[in-house]
Amino acid sequence: MDSPGIISFRRKVRGPKFALALPSIIWYGLFFVVPIAFIVVYSFGTKDGSKLIPVDLGHLSGANYANVFDETFFKVFKSTLRISAIATIACLLIGLPVAYLAAFKVAEKWKAIILALVVVPSFTSFLIRTVAWRIPLAPNGFFSQWLVDMGWIGTQGIQVLETPMAVQVAIVYNYLGFMILPLFVALDRIDVRMREASKDLGAGRIATFFGVTLPLAGPGIIAGVLLTFIPMCGDYVTATILGGAKGNMIGSMIASQFSGAQNWPLGSAMAVLMIGAVLLSMVVGAALVWLVMWIVKHPSPMTIRVKHAWHVRSVARMRAGKNSVLSFDFLPILLKAWTALVLVFLFIPIGLVVAHSFNGGSSFTIWSGQPGTKWWDELFAGSVMWSVIARFVVFVVVGIVTRIALGRTTSISKRILNWTGPVAFLLAFVVNGMMTGWYESIFDFASIGDAIRNSFIAAFGATILAVFLGGFAGVALARRPGVWTKVFMASVFLILVTPEIMDAIALATWFPRVADFPIIGYPFKNGWGPFNGGMNKLWVGQSLYASAVVTLIVRARLAGLDESLEEAAADLGATPARAFRQITLPLISSALVAGGLLSFTLCLDNAVISTLISEAGSTTFPVALIGATRSTIKPFWGVGAVMLFCVTLGALWFVTVVLRRSGSSSSEIAATLAGS
Amino acid sequence: MTQELRILAPDSFREKLNRRAFIKAGTATAGMAVVLMACGSSDSAPDTTEAAGGDGAKLASGDWSRVINKSSGTLAMYTWGDYDDPELVGALAESNLDVKMKVDYFGSNEDLITKLSAGGGKSSGFDIVVPTGPYIVQMVEKGLIQKFDKSLIPNMVNVDPAFLGQAWDKNNEYSVCKNWGCTGFFYDTTKIKKELNTWQDFLEACMGEASGQCSLIDAAPNFAGAYFWANGIDWNTEDKASLDAAEKFLVDELAPHIKAFDSYPSTKLAEGAYSLSQAWNGDARQAYFRIKDAGGTPENWRWVLGGPDTELFMDTFCIAAGAPNAEAAHAWINWILIPENSIQDLEYHGYHTGMKDMEKLITELAPDLVKGEIIFFSAEEVKTMHTQVLNTSIDRLVDILNKAKSKAGA
């Protein structure tokens, strides 16, 4: 119902359609489009090793592109696509039953627990989890030896490491969570009545699944496929750590041109072609899906006959009084068993990381047979550890006791009561730190303590940026669509699909130029407050991908809701700012929090970009670790990863408590997490 | 510059030892002593802090310069992973020099150069960087490292002249030897029955008994080097015909047999991933300890210095251009050249640190050092080792390595 008043009101407040997305547009322009454009220009230059930036732009030509088109590139690219495609399908097949169980077959409480268990493994360092897969897969490892002893495999032991198989397993592992969440959300939103109606109409379980449930879950499947397939194509860390010569991926080839051969022009030509090829393969994939859907929707005589036959059979079976082949319903049990297996799979590397942090030997992956705490002692500088832990326990216990004691008196409002736990935890952390000075001294080995702290500061800052940028851009995209939307979405897509090493080189060469700009260059040159220039660069670098993700999540969140609430507010006399604050913001708040969480974990794991743009004094944990993965990884890194894990879990727990106070249900949180 | 300059007599050296004893005592009071001692005695690998720390008690005899220049502030170092004794880039340096150390790691010389030059020649915040010799020429050309103030590094006299004045830096104006090593290979004698001695043997075994179970170093010059050394060709050749022949052999014949390109195979050897690996000597030496750790039998494995020719690499300490704390960088480099510190570092990483009178130093300071034959080489052996020259062939070599990688993966 458009009254003239509303129309004129809208015209008054709108301004340019993309106004809300302006921060993002400037941000992406300054830190993505322009620097990447430089790198794309480099792809037409020639290598000149004597220059600081080893590119000669004197005679531009397309020779690099011609050079890329050789057998080598295509072979590696083909195997990358194969590994990614198989892994995406595997994630879908493995994840679907889990998501299905969580969405339809368990109580609300269990939904939350299953989802939490799926998410939690991704809070351990991505690198260390990948390295940890070497432990059970090693031919001389305990698992392999056990299989040999049982006589199940030959005396050679497991021959999986340094093969594409190892990469395949680990890549499925690393991205499974990104598939399960969107699937769950899509399934969870399906109205149960639709499924019941399908059954009432005589459809069997299988027909209902394929005819009703799966098509309705379509958007979730697409989101899951995008969130897994795209990053897989650019991933090279997994292949580098586990793949050996046979599991080479395109990402490492591009990286080796940039840093190994110092051949930036060729590397950048490769990256440009790779982006094109990934986009193309996605278009092909989408076309295939569309074709299948079209066939289903526009039935040929053949499909009608098949469907009819199926229906007749189901109805006949129902009349005969046996709803399913088996009289006892095995499905929930099978689903539960499968989910349990998947969760065990997800937690295997984490268990190994914790166990091997107590390795008495000198290498992380090799269990020396002698457990010991020496690597923990190094982290905690010996004696400080126990006094810190003791104090921590005292604070937490005091918090719990206070809570129980207060719980008996009814005069305290429930709201305050609920905060006792988190506050005690926070106090234990802050006060304990101040008393022992362990912020400075506790992590005092090979800069790893600094690395953990830097990781948090960097991820935290980048997350705030991402939430700010992505929040406004998401609202603008959902509420102010126009021609600009397509351009903007294209750049968001490009950010997701550009190989990290290219971003890294682009930003690393761009920052020194930016540093000379008036005003905006200042933070990168001098830093501000306690944060040096390197930290400012990390915030920018990590915020790009993260803000793209937040943008998508917020947009998806608002897409299903129309603007009637804001219009009502405007009718009641609210200013646009007030309508935004009191209506729009609460609508997207859980999307912001969930998007922030996802950003935080992504930033915490960021290795490639951070490695090139960090400075001494702003080294993060993955940057420190990726340097070490080239040589021997000491069990010490396991200790660092466990610490990082604990602190992240603590932060996550805190956020969850806050979220629950603000009233979101577990599936709502998960829904926003997954971007639907 | 107001740094305090003093010559360390044995007295002040005892001060340092006392401090270390104090640290250990402090640990003991916390009830950690049992654990530490257990680790110290059970771990024969010299790459642990405890094992290395025990030898500092002795002072080498003879004429050595032991100048320590105190400094202040933070000292940031950018080096290879697991390449320095944690005490020497941590607590000990901090107490001796009054600086706070921060260490970051890179994975290859190219990574180091990319990182420093991507910053457009502006300071990346690092003070000390550790490139391999041949890369110094390029780094000087690009202005990535700065000249030493040699008056601040008087302990350079402790370095054996044989390891000074290398081709890349004739007067040691920019660099001083950190340590040097060479390339050889390491194999499982229970899996490969034939005795291997030369690169020719190595390549044949890769394509024979060890097919699908061998690894080569993931650096283009070393990978191609195996072919050049085996065939008596200068590994720095720029001759197109030689490079073509190398490509033909390495890509078409050798690559399908390769399991992995791996610069540090020691851990994976212990995991059982390879039965034959091209390796740098220090890493091969680590492999013995790792294999023992993993419950294997190190006696079954054999290290061979590749013949008839092989590589000599030298990693060096340099000071980054625009280093925020160049004074501390000088102080630290000077300090690490004190023989006791240098030998402590040697015990950690297992590479020759280039000190004078090495034999005497080892007998006096580290008599328990095991597998010394993989650290120290005879004069005849050293004569067969050649340093790399960075020339026009590097692009071709990287291309060959990339092609071999894709062929191996096919």
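Scanning the range B:58-90 for residues that are away from every other protein chain (no Cβ under 13 Å) and of a type in the set (S, T, N, Q) gives B:61, B:65, B:69, B:71, B:72.
Considering only residues that are without any contact (Cβ under 8 Å) to a residue 24 or more places away in the chain and either more than 7 Å from chain A (Cβ to nearest Cβ) or under 18 Å from residue B:146 (Cβ atoms) (or both), which ones fall in the range B:91-114? The answer is B:94, and nothing else. Only one of these conditions is not met by residue A:123: (1) farther than 17 Å from residue A:186 by Cα; (2) assigned by TED's automatic domain parsing to the domain that holds residue A:280; (3) aromatic (Phe, Trp, Tyr); (4) surrounded by fewer than 19 Cβ atoms within 10 Å (Cβ to Cβ). Which number is it? In the conditions (1) farther than 17 Å from residue A:186 by Cα; (2) assigned by TED's automatic domain parsing to the domain that holds residue A:280; (3) aromatic (Phe, Trp, Tyr); (4) surrounded by fewer than 19 Cβ atoms within 10 Å (Cβ to Cβ), residue A:123 misses (4) alone. Taking the range A:143-232 and the helices (runs of 4 or more DSSP H) fully enclosed by it, the elements with 3 or more residues that are buried (at least 24 other Cβ atoms within 10 Å of the Cβ), touching a residue at least 12 places away in the same chain (Cβ under 8 Å) and assigned by TED's automatic domain parsing to the domain that holds residue A:288 are at A:164-188. Being surrounded by fewer than 21 Cβ atoms within 10 Å (Cβ to Cβ), aliphatic (A, V, I, L, M), modelled with pLDDT under 90 and assigned by TED's automatic domain parsing to the domain that holds residue A:256: is that true of residue A:103 here? No, not satisfied.
Mind listing just one residue for me: the one in the range B:115-134 that is closer than 24 Å to residue A:632 by Cβ and surrounded by fewer than 23 Cβ atoms within 10 Å (Cβ to Cβ) and, of those, farthest from the other protein chains (Cβ to nearest Cβ)? Talk me through it step by step, then tell me what you get.
Here is the first cut: in the range B:115-134, the ones closer than 24 Å to residue A:632 by Cβ are B:115, B:126, B:128-133.
If we keep only those that are surrounded by fewer than 23 Cβ atoms within 10 Å (Cβ to Cβ) too, we end up with B:130, B:132.
Details: B:130: 12, B:132: 14 Å.
By that ranking, first place goes to B:132.
Please indicate, with yes or no, whether at least one residue in the range A:571-590 is within 18 Å of the chain's Cα centre (by Cα) and either assigned to a helix (DSSP H, G or I) or free of Cβ contacts under 8 Å to residues at least 40 places away in the same chain (or both). Checked the range A:571-590: at least one residue is within 18 Å of the chain's Cα centre (by Cα) and either assigned to a helix (DSSP H, G or I) or free of Cβ contacts under 8 Å to residues at least 40 places away in the same chain (or both). The single residue among B:334, B:341 that is within 17 Å of residue B:94 (Cβ to Cβ), in contact with a strand residue (DSSP E or B) (Cβ under 7 Å, 6 or more places away or on another chain), not in a strand (DSSP E or B) and not small (Gly, Ala, Ser) turns out to be B:334. Looking at the range B:268-288, which of the residues that are more than 26 Å from residue B:132 (Cα to Cα) and of a type outside the set (Gly, Ala, Ser) is surrounded by the most Cβ atoms within 10 Å (Cβ to Cβ)? By that ranking, first place goes to B:274.
Go through B:71, B:61 for me and flag whichever is surrounded by fewer than 22 Cβ atoms within 10 Å (Cβ to Cβ) and assigned by TED's automatic domain parsing to the domain that holds residue B:323. Let's see the steps before the verdict.
Values: B:71 fails: surrounded by fewer than 22 Cβ atoms within 10 Å (Cβ to Cβ).
Going through B:71, B:61 in turn, the sole match is B:61.
Exactly one residue among A:633, A:609, A:626 is within 14 Å of another protein chain (Cβ to nearest Cβ) and either in a loop (DSSP other than H, G, I, E, B) or without any contact (Cβ under 8 Å) to a residue 12 or more places away in the chain (or both), and that residue is A:633.
Taking the range A:636-650 as the range and being at pLDDT 85 or above and either assigned to a loop (DSSP other than H, G, I, E, B) or farther than 16 Å from residue A:363 by Cβ (or both) as the test, the residues that pass are A:642, A:645. Any residue in the range B:116-127 that is outside any strand (DSSP E or B) and closer than 26 Å to residue B:268 by Cβ? There is no residue in the range B:116-127 that is outside any strand (DSSP E or B) and closer than 26 Å to residue B:268 by Cβ. Just so you know, in the range B:386-410 the residues that are over 24 Å from the mean Cα position of the chain (by Cα), aliphatic (A, V, I, L, M) and outside any loop (DSSP other than H, G, I, E, B) include one that is farthest from the other protein chains (Cβ to nearest Cβ), and it is B:400.
Considering (1) at pLDDT 95 or above; (2) over 21 Å from residue B:338 (Cβ atoms), say which one residue B:148 fails and leave the rest. Tallying (1) at pLDDT 95 or above; (2) over 21 Å from residue B:338 (Cβ atoms), residue B:148 fails exactly one: (2).
For the range A:497-511, the set of residues classified as more than 8 Å from chain B (Cβ to nearest Cβ) and part of a helix (DSSP H, G or I) consists of A:497, A:500, A:501, A:502, A:503, A:504, A:506, A:507, A:510, listed by residue number.
Can you confirm whether the range A:48-57 contains a residue that is under 30 Å from residue A:164 (Cα atoms), away from chain B (no Cβ under 14 Å), surrounded by fewer than 16 Cβ atoms within 10 Å (Cβ to Cβ) and in contact (Cβ under 8 Å) with a residue 12 or more places away in the chain? Checking the range A:48-57: not a single residue is under 30 Å from residue A:164 (Cα atoms), away from chain B (no Cβ under 14 Å), surrounded by fewer than 16 Cβ atoms within 10 Å (Cβ to Cβ) and in contact (Cβ under 8 Å) with a residue 12 or more places away in the chain.
Given the residues A:515, A:451, A:458, A:504, which is the only one that is over 23 Å from residue A:555 (Cα atoms), without any contact (Cβ under 8 Å) to a residue 60 or more places away in the chain and in the same structural domain as residue A:618 (by TED's automatic domain parsing)? Can you show your working first?
Values: A:451 fails: without any contact (Cβ under 8 Å) to a residue 60 or more places away in the chain; A:458 fails: without any contact (Cβ under 8 Å) to a residue 60 or more places away in the chain; A:504 fails: without any contact (Cβ under 8 Å) to a residue 60 or more places away in the chain.
So the residue among A:515, A:451, A:458, A:504 that is over 23 Å from residue A:555 (Cα atoms), without any contact (Cβ under 8 Å) to a residue 60 or more places away in the chain and in the same structural domain as residue A:618 (by TED's automatic domain parsing) is A:515.
If you go through the range A:335-365, how many residues are touching a helix residue (DSSP H, G or I) at 6+ places or on another chain (Cβ under 8 Å) and part of a helix (DSSP H, G or I)?
Within the range A:335-365, the first condition is being touching a helix residue (DSSP H, G or I) at 6+ places or on another chain (Cβ under 8 Å), and the residues that meet it are A:335-336, A:338-339, A:342-343, A:345-350, A:352-354, A:356-365.
Those still in the list that are part of a helix (DSSP H, G or I) too: A:335-336, A:338-339, A:342-343, A:345-350, A:352-354, A:356.
Adding up the residues that qualify gives 16.
For (1) surrounded by fewer than 19 Cβ atoms within 10 Å (Cβ to Cβ); (2) modelled with pLDDT of 80 or more; (3) in contact with a Gly (Cβ under 6 Å, 6 or more places away or on another chain); (4) among the aliphatic types (A, V, I, L, M), each residue gets a yes or a no:
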site	(1), (2), (3), (4)
A:451	no, yes, no, yes
A:459	no, yes, no, yes
A:463	no, yes, yes, no
A:484	yes, yes, no, no
A:498	no, yes, no, no
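For first residues located in the range A:479-492 and closer than 24 Å to residue A:565 by Cβ, partners that are assigned to a helix (DSSP H, G or I) and lie 6+ apart or on another chain with Cβ distances below 6 Å form the pairs A:485/A:477. Give the range A:61-101 a look and list any residue that's outside any helix (DSSP H, G or I) and within 13 Å of chain B (Cβ to nearest Cβ), or say none. Once the filter is applied, which keeps residues that are outside any helix (DSSP H, G or I) and within 13 Å of chain B (Cβ to nearest Cβ), the range A:61-101 yields only A:70. The helices (runs of 4 or more DSSP H) located wholly in the range B:135-239 that include 1 or more residues which are surrounded by fewer than 24 Cβ atoms within 10 Å (Cβ to Cβ), within 21 Å of the chain's Cα centre (by Cα) and not assigned by TED's automatic domain parsing to the domain that holds residue B:397 occupy B:135-141. Taken together, the residues in the range A:130-142 that are crowded, with 22+ Cβ neighbours inside 10 Å and in contact with an Asp or Glu (Cβ under 6 Å, 6 or more places away or on another chain) amount to 1. Filtering the range B:346-385 to residues that are surrounded by fewer than 22 Cβ atoms within 10 Å (Cβ to Cβ), part of a helix (DSSP H, G or I) and acidic (Asp, Glu) leaves B:359, B:364, B:373, B:380, B:381.
The values are calculated or read from the model by the stated rules, or taken from the named source; none is laboratory data. None of these values were measured; they are calculated from a predicted model. Don't worry about glycine lacking a Cβ; one is built from the backbone with ideal geometry, like all the others, and counts go over all protein chains shown.
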